Amino acid sequence: MISRIGLVTANDLLAMKNDGFRYELVDGELRKMSPAGGEHGQIAGRILRRLGDHVEEHNLGQTYAAETGFRIASDPDTVRAPDVAFLSHDSLRTIERIEGYLPIAPDLLVEVVSPSDTFSEVESKAASWIDAGTKIVIVADPRTRTLRVYRGSRSIEVLHEGDTLDAGNVVPNWSLAVSDALLLN
């Protein structure tokens, strides 16, 4: 299955048999991920519904749920799977319809922090998405009750309960209250 000594490709990952775990591929190295917990899944689902309803109502593009792989680097390959993702029609026009991983970074994505995630892991993942071309990375952290919003490698905004995320520059007219996203109501 491994095409080069020590490195796994996106095609190798796609062909792997399901062993009950989720994986991401980072610079050709497999990273095992535990299944998401209940709070994590509830937050990701809530944000996906809010975003997906808006995107569909205004015909802005496509949204993607967790488990959707995006190949954001090649040779060595990196395939990541955010909890929520959005691609605009403009971005979708740049790729052909494929059955494997999407060969593009999402325009906007959400990562929900799990109890086992470290701050440095989350920061590294957000930076890799930004470096790959994602315009907005939203890190939803139920422990700190915050949304960290990355709009570039040096632009990080921390939103707290009572604040509202405005993503209108990437998803026209879409906003999300921190309290709504993190189930703080």
### Summary
When the stretch 32-60 is checked residue by residue, the ones that are at pLDDT below 95 and either closer than 17 Å to residue 170 by Cα or in a loop (DSSP other than H, G, I, E, B) (or both) are 34, 35, 36, 37
### Task
Any chance you could count how many residues in the stretch 13-26 are under 21 Å from the mean Cα position of the chain (by Cα) and either of a type in the set (A, V, I, L, M) or modelled with pLDDT of 95 or more (or both)?
4
### strands (runs of 3 or more DSSP E) lying entirely in the stretch 61-120 (those with 3 or more residues that are farther than 22 Å from residue 169 by Cα and at pLDDT below 95)
none
#### Entry: Failed item, numbered, when residue 124 is tested on (1) open to solvent by 20 Å² or more (accessible area, probe 1.4 Å); (2) over 11 Å from the mean Cα position of the chain (by Cα); (3) within 25 Å of residue 175 (Cβ to Cβ)
(3)
#### Entry: Contacts under 6 angstrom Cβ, first residue in the stretch 48-73 being of a type in the set (D, E, K, R), partner in a loop (DSSP other than H, G, I, E, B), 6 or more apart
67/81; 71/101; 71/103
### Message
Just checking: which of the strands (runs of 3 or more DSSP E) contained wholly in the stretch 137-185 hold 1 or more residues that are in contact with a Lys or Arg (Cβ under 8 Å, 6 or more places away or on another chain) and exposed (fewer than 15 other Cβ atoms within 10 Å of the Cβ)?
### Response
155-159
### Query
From the list 94, 63, 78, 144, which one is farther than 26 Å from residue 166 by Cα and among the hydroxyl-bearing types (Ser, Thr, Tyr)?
78
### Task
Among residues belonging to the stretch 74-109 that are surrounded by 14 or more Cβ atoms within 10 Å (Cβ to Cβ), among the small types (Gly, Ala, Ser) and in contact (Cβ under 8 Å) with a residue 40 or more places away in the chain, point out the one that is farthest from residue 45 (Cα to Cα).
88
#### Entry: Odd one out for residue 70, checked against (1) open to solvent by less than 50 Å² (accessible area, probe 1.4 Å); (2) farther than 24 Å from residue 18 by Cβ
(2)
### Query
Any idea which of (1) in contact (Cβ under 8 Å) with a residue 12 or more places away in the chain; (2) over 17 Å from residue 84 (Cα atoms); (3) outside any helix (DSSP H, G or I) is the one residue 13 doesn't satisfy?
(3)
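The values are calculated or read from the model by the stated rules, or taken from the named source; none is laboratory data. What you are looking at is a predicted structure, and each value in this text was computed from that prediction instead of being measured. Ideal geometry is used to build each Cβ from the backbone, glycine not excepted, and the neighbour counts take in all protein chains shown. Each accessible area value is taken on the protein alone, full model and side chains, heavy atoms only, with ligands, DNA and RNA left out. Shrake-Rupley method; radii C 1.70, N 1.55, O 1.52, S 1.80 Å.
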